[in-house]
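Report on one structure; see the data block that follows.
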Amino acid sequence: MNDSSNHEGVSLQVRGLRKSFDSQEVLKGIDFDVKPGEIFVIMGPSGSGKSVLLKHLIGLEAPDAGEILINGESIQSADTSEKYRLAMVFQSGALLNSLTVGENVGLYLTEHRLKPPAEIQKIVSQKLQDVGLADAINKTPSELSGGMKKRAAIARALVIEPQLILYDEPTSELDPLSAVVVGEEILKLKERIGVTSLVVSHDRDLAFGIADRIAFISEGRIVAVGVPDAVKHSGDPAIQKFLRADFKPESQTKHI
Ligand SMILES: Nc1ncnc2c1ncn2[C@@H]1O[C@H](COP(=O)(O)OP(=O)(O)OP(=O)(O)O)[C@@H](O)[C@H]1O
Ligand SMILES: [Mg+2]
């Protein structure tokens, strides 16, 4: 991690990304650009390759072909991965139950001895306050609700002063009100620190509520990219099917 004088969001470019597992081609040539400070949502059905794509961005998977660039520099080069600060908010939250919420949030700084303990305390309190969790600092993750866990995971991502935050399904398992709170946190961070946000989600309300632009992924390909309204009105059948999916009981009133 370099010094945190540069807080601005970075740009992200993904070019021709391909990935197969055995005979299954999961990513079939993914291309998109995210602008600095933008909230870019990749929306698509379960199994379309969203998490696999995110894993490439944080180096957990290596592509069969293609390239990922941050501010125009390939992340395959060690220099680039050192130079920019990326944080990931995992679908599960990935908090350690043996530690308090405060210790979880400060873990990266403590483990790498990046700051003196008193300063880490201050940073942790500030980040928890930023996500409305100041009171939960001494609780353990198991004592938090699902929505609080997601916000704690966001606070943990914030300690490195990220220039790009990646979110994997930030609203999954949340009730609609908690989902709105998490969406608002993502929006606030964009406004307050100008971070670039890449969100993968199958939550239609979240995508249309917070995205500057949406890319729709279907079976390993991006089939449309644009501002929310443009994606909503796209003629692509996979998008229309996804957006119209609703529970429709055969008869709603007959049996009352
Ligand atoms: N390590 C792996 N080995 C083999 N297949 C994998 C691996 N990781 C993912 N896959 C497969 O890749 C496909 C896409 O998975 P992925 O987790 O990216 O879906 P997703 O779009 O994130 O779905 P969801 O919305 O349910 O989270 C799935 O068919 C999955 O089984
Ligand atoms: Mg996933």
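The lone criterion from (1) modelled with pLDDT of 95 or more; (2) closer than 22 Å to Ala207 by Cβ left unmet by Leu86 is number (1). Any residue that is under 22 Å from the mean Cα position of the chain (by Cα), more than 28 Å from Asp33 (Cβ to Cβ), away from ligand 1 (no atom under 16 Å from the Cβ) and assigned to a helix (DSSP H, G or I) - is there at least one of those in region 85-101? Looking for residues that are under 22 Å from the mean Cα position of the chain (by Cα), more than 28 Å from Asp33 (Cβ to Cβ), away from ligand 1 (no atom under 16 Å from the Cβ) and assigned to a helix (DSSP H, G or I), one finds at least one in region 85-101, hence yes.
I'd like the full set of residues that are among the charged types (D, E, K, R) and under 18 Å from the mean Cα position of the chain (by Cα), limited to region 200-242. If the condition is that a residue be among the charged types (D, E, K, R) and under 18 Å from the mean Cα position of the chain (by Cα), then Asp203, Arg204, Asp205, Asp212, Arg213 are the ones that fit. Is it the case that some residue within region 146-169 is acidic (Asp, Glu) and over 29 Å from Ala207 (Cβ atoms)? Checked against the condition, which is being acidic (Asp, Glu) and over 29 Å from Ala207 (Cβ atoms), region 146-169 yields no hits at all. Contact map, region 47-63: first residue under 10 Å from Val26 (Cβ atoms), second residue of a type in the set (Val, Ile, Thr) and away from ligand 2 (no atom under 13 Å from the Cβ), Cβ cut-off under 8 Å, separation 6 or more or different chains; pairs are Gly49/Ile30; Leu53/Val14; Leu53/Ile30.
Tell me whether region 196-209 contains one or more residues that are free of Cβ contacts under 8 Å to residues at least 60 places away in the same chain and under 28 Å from Ser125 (Cβ atoms). Looking through region 196-209, none of the residues is free of Cβ contacts under 8 Å to residues at least 60 places away in the same chain and under 28 Å from Ser125 (Cβ atoms).
Quick check on region 16-37: of everything there that is buried (at least 20 other Cβ atoms within 10 Å of the Cβ) and either in contact (Cβ under 8 Å) with a residue 60 or more places away in the chain or under 19 Å from Val199 (Cα atoms) (or both), which residue is nearest to ligand 1 (Cβ to nearest atom)? Across region 16-37, the extreme among qualifying residues is Leu27. If only residues of region 141-176 that are within 16 Å of ligand 2 (Cβ to nearest atom) and modelled with pLDDT under 90 are counted, the one that is surrounded by the most Cβ atoms within 10 Å (Cβ to Cβ) is Lys150. The set of residues in region 177-205 being away from ligand 2 (no atom under 16 Å from the Cβ), more than 21 Å from Pro36 (Cα to Cα) and of a type in the set (Asp, Glu) consists of Asp205 alone.
Does Gly220 count as within 16 Å of ligand 1 (Cβ to nearest atom), on the phi > 0 side of the Ramachandran plot and touching a Lys or Arg at 6+ places or on another chain (Cβ under 8 Å)? In short, yes.
The values are calculated or read from the model by the stated rules, or taken from the named source; none is laboratory data. This structure is a prediction, so every number in the text was calculated from the model and none was measured. Neighbour counts run over all protein chains shown; Cβ positions are idealised from the backbone, glycine included.
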